[in-house]
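S.K.: There's a structure below that I have some questions on.
Read-outs throughout are calculated quantities, based only on the coordinates presented, and are distinct from any laboratory measurement. Quantities reported herein were computed from a predicted structural model and do not represent experimental measurements. So basically every Cβ, Gly included, is an ideal-geometry build from the backbone, and we count neighbours across all protein chains shown.
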Amino acid sequence: MAEVQQKESGDGKKGKPKKMHIHVDFTPMVDMNMLLITFFMLCTTLKKPQTMEISMPSNDKNITEEDQTKVAASRAITILLGGQDKVYYYAGQPDYTDYTTLSETTFAADGLRAVLQDKNREIVTQLEDLKQEKLETGMPDEVFDEKAKEIKNVKTAPVVMIKGSDASSYKNLIDALDEMHLCGISKYAIVDITEGDQFLIDNYESKGALSNQIDTSKL
Amino acid sequence: MPRVKVKRKSTLIDMTAMSDVTVLLLTFFMLTSTFVQKEPVQVNTPDSVSEIKIPETDILQILIDQDGKIYMSLDRPSDKANVLQDVAAQYGMELTDEEILKFRTLPTFGTPIGKMKSFLALSSDDQDKALKGEFVAKGIPAGIPCDTTKNEQGVDDKNEVKVWVKSARAVNSNLRIAIKAAAGTPYPTIRNLMTSLQDIRENRYNLITNLKNIKDEERVVIK
């Protein structure tokens, strides 16, 4: 439907050159452009996906095993990821005979986060102060990161072990890692679940019905 | 009093300005766009508060779908061809130039290496179907095997993910590994992959997530 419109103006007096107004109708051009824009908008990813960086301990040195035993019981927290988005935790060494050694919580703000931030109170408050200071003084990001790292790496920081059971999903793991991020915990590890931990979950779910099945000779 | 003459106006709108704007927008989109990569399976990544962006180049993406099928994609076609040749050589396979060329154009791959020849012989529509797992009956299963069970010698020789990642690393040492898994992926699959990566000393990698917005008052819940 593209058309070049020629409009004659003037009163048609003889002798005068005809004045020509050439109007090009741009409507089809706009139509086409709009179509192309729509195409590009739909086919592109403007927003790059977010990522989480994790580094796992290397396998051959077996640091995790040693760390596990070295960590003082008061600082160690183990998070167990169960099925159906359930999450359990215990501090230090569990008491396998008592099912209440395990506590159940959720991934909501007042669940696991409250527990971990309570354990990590000192560091969390320091980090908050640092953030406030950054807001007030306009501290550059590098300095902030450096200081935050220093705060997080103190000797008394809690150490968290994340153990996913077979019934849990990838989302649970990401949620747990998120909590580490939010609670300012820099020392955490993703560890394979042990038989004992799985037993703790089962025992908790059955309200201690399995306690009498414990083979005491193995303890 | 003379009557006010209502001027007759032409309904023609000058579209030149509009056209200018659209051309500008078009240029912007053309220059900034990176096309969505075609992925054989739809993957809904979980949400997280982490705000780190993923680098654009030198990415080895490991895609895991809800059922635990593992796919891989490399961003450089030349790397892809080299990796395929390397892997094929390790399994004692001979691939023709045509097959390698076909592999280069694949956005994502995920077939057991033993079935690679018959997979590459398919038409591109059929390849998509095969990656979705619709050709299992025809003998082409989907997904790269990541079996961590060890044989008598204590080697997990059925673990092809390890072989692929290892040769990808050998071809391009700047490669970053990014894992994009569906939120509902069962944990054992993830654990298998993580142990496999640990075995070949790939200890740093990125997990691709969506951004989760949480309220400021929920960030710190203790007083």
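S.K.: Using the Cα gyration tensor of chain B, with a ≥ b ≥ c the square roots of its eigenvalues, what is the shape: rounded (a/c below 1.5), prolate (a/b larger than b/c) or oblate (neither)?
M.R.: Judged from the Cα gyration tensor, chain B comes out prolate (a/c at least 1.5, a/b above b/c).
S.K.: Helix B:160-171 versus the longest principal axis of chain B: what angle, 0 to 90°, nearest 10, using Cα atoms?
M.R.: Result, in degrees: 70.
S.K.: Going Cα to Cα from B:Lys138, which aspartates and glutamates come in below 13 Å? Please leave out same-chain ones fewer than 8 positions away.
M.R.: B:Asp126
S.K.: Fewest first, what order do A:Leu127, A:Leu116 take by the number of other Cβ atoms within 10 Å?
M.R.: Going from least to most buried by this count: A:Leu127, A:Leu116.
S.K.: Two decimals, Cα atoms only, Kirkwood Rh: what is Rg/Rh over the range A:79-123?
M.R.: Values: Rg = 11.4 Å, Rh = 11.4 Å.
The Rg/Rh ratio comes out at 1.00.
S.K.: Compute the relative contact order of chain B as a whole-number percentage, counting only Cα pairs closer than 8 Å that sit 6 or more residues apart in sequence.
M.R.: Working: 272 pairs, mean separation 59.3, N = 223.
Relative CO of chain B lands at 27 percent.
S.K.: Related question: How would the range B:96-223 be classified by its alpha-carbon gyration tensor: rounded, prolate or oblate, with rounded meaning a/c under 1.5 and the a/b versus b/c comparison settling the rest?
M.R.: Numbers: a/c = 2.00, a/b = 1.60, b/c = 1.25.
Prolate shape, in that a/c is at least 1.5 and a/b is the bigger ratio.
S.K.: Report the antiparallel proportion of the DSSP beta bridges in the protein assembly as shown as a percent, rounded to a multiple of 5.
M.R.: Of the beta bridges lying entirely in the protein assembly as shown, close to 60 percent run antiparallel.
S.K.: On average, how many beta carbons from a partner chain sit within 10 Å of the beta carbon of a residue in B:196-205? Intermediate values should be presented prior to the final figure.
M.R.: Working: counts 0, 2, 5, 3, 1, 4, 2, 6, 4, 6.
Mean partner-chain Cβ count within 10 Å for B:196-205: 3.
S.K.: Which of rounded, prolate or oblate describes the range B:1-116 when judged by the alpha-carbon gyration tensor and an a/c cut-off of 1.5? Kindly include the intermediate steps, with their values, before the conclusion.
M.R.: Details: a/c = 4.05, a/b = 2.77, b/c = 1.46.
Judged from the Cα gyration tensor, the range B:1-116 comes out prolate (a/c at least 1.5, a/b above b/c).
S.K.: Now, a different point. List the residues whose amide H sits under 5 Å from the amide H of B:Val49, counting only those 5 or more places along or on another chain, with H placed 1.01 Å from N in the peptide plane.
M.R.: Under 5 Å from the amide H of B:Val49: B:Lys212.
S.K.: What fraction of the DSSP beta bridges in the range B:47-211 is antiparallel, stated in percent and rounded to the nearest 5? Could you put the intermediate results ahead of the total?
M.R.: Details: 7 of 17 bridges.
Antiparallel bridges: around 40 percent, rounded to the nearest 5.
S.K.: Something else now. Per q in 0.10, 0.13, 0.18, 0.22 Å⁻¹, report the Debye log10 I(q)/I(0) for the range A:80-219, using one uniform scatterer on each alpha carbon and no solvent.
M.R.: -0.41, -0.64, -1.03, -1.33
S.K.: Per residue, how much space in cubic angstrom lies within the convex hull of the C-alpha atoms of the range B:50-166? Walk me through the numbers before you get to the answer.
M.R.: Working: hull volume 16.2 nm³, N = 117.
Hull volume over Cα atoms, normalised by residue count, gives 139 Å³.
S.K.: Can you figure out the FRET efficiency of B:Ser78 with B:Asp125, using R₀ = 22 Å and their beta-carbon distance, to the nearest 0.05?
M.R.: Efficiency, from the Cβ-Cβ distance: 0.30.
S.K.: Which pairs, out of A:Lys163/A:Lys207; A:Lys171/B:Lys129; A:Lys152/B:Lys150; A:Lys134/B:Lys212; A:Lys86/B:Lys80; A:Lys155/B:Lys166, put more than 31 Å between their alpha-carbon atoms?
M.R.: Violating the 31 Å limit, Cα to Cα: A:Lys152/B:Lys150; A:Lys86/B:Lys80; A:Lys155/B:Lys166.
S.K.: Using a 10 Å cut-off around each Cβ, can you sort A:Cys43, B:Cys146, A:Cys183 from fewest to most neighbouring Cβ atoms?
M.R.: A:Cys43, B:Cys146, A:Cys183
S.K.: How do B:Val165, A:Val191, B:Val23 line up, fewest other C-beta atoms within 10 Å first?
M.R.: B:Val23, A:Val191, B:Val165
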